[in-house]
Every structure is written in C-alpha cells, then in structure tokens.
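Q: I have a structure I would like to understand better, so I am pasting it below and will then ask my questions one at a time.
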Amino acid sequence: MSQWISVKDRLPDIGTKVLGFLKNGYIFIVSQCTWEDDICNEWHIIPESYSSPFSVPFDDLVYWMPLPAAPVDSEEEKQE
C-alpha cells in the first residue's frame, strides 16, 4: 500500500477520491469539492448525498493516499 502524502508536498488531483487523514485523527474517503469550473475551499466526505454532502475545511486535511484497487473475486480469477 502507498505511504501517506503530506498536503504540504502535494495535493491529490481535483475530483479524485482518496483516503484522507484529518488533523483531528479521523480517516475518511475524501474528494476536493468543485462547483462547475470553480474549486471550493473544502473536502467532501464520501459517500454522502450529492444534494447535501458533508464537508470539512480545506486546512483540516493533513495527509492523503490513493485508494487501493478493488479486490478481484477469486471465482472470476479461476474462470480466466
């Protein structure tokens, strides 16, 4: 698995879901919020309702890492 990346070093691509470590110690799947072509100053917590997503201030995210690949069903592997 990847190592944690400091937001001081690099931010994830806009709109990409990543594992985020917040300064309060919580870990969530997050994505930087965007409104059409504008970038918001907060992170959306995923999953939430797109009509009223839960979000945290931009400065609350201190580390992030890419999400791991989804598991492959062993039955599907046997058939291939």
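The values are calculated or read from the model by the stated rules, or taken from the named source; none is laboratory data. Given the structure is predicted, the values throughout are model-derived calculations rather than measurements. Every residue, glycine as well, gets a Cβ built from its backbone with ideal geometry; the counts of neighbours run over all protein chains shown.
Q: Of all the residues that make up the range 42-80, how many are at pLDDT below 85 and surrounded by fewer than 11 Cβ atoms within 10 Å (Cβ to Cβ)?
A: The initial filter retains those residues of the range 42-80 that are at pLDDT below 85, namely 42-55, 73-80.
Right, trim to surrounded by fewer than 11 Cβ atoms within 10 Å (Cβ to Cβ) and you get 47, 49-52, 73-80.
Matching residues across the range 42-80 total 13.
Q: Going through the range 1-25 one residue at a time, which ones are farther than 24 Å from Pro71 by Cα and modelled with pLDDT under 75?
A: The answer is none; no residue qualifies.
Q: Now for a different question. Considering only residues that are modelled with pLDDT of 80 or more and either exposed (fewer than 13 other Cβ atoms within 10 Å of the Cβ) or not small (Gly, Ala, Ser) (or both), look in the range 26-41 and name the one that is farthest from Trp4 (Cα to Cα).
A: Gln32
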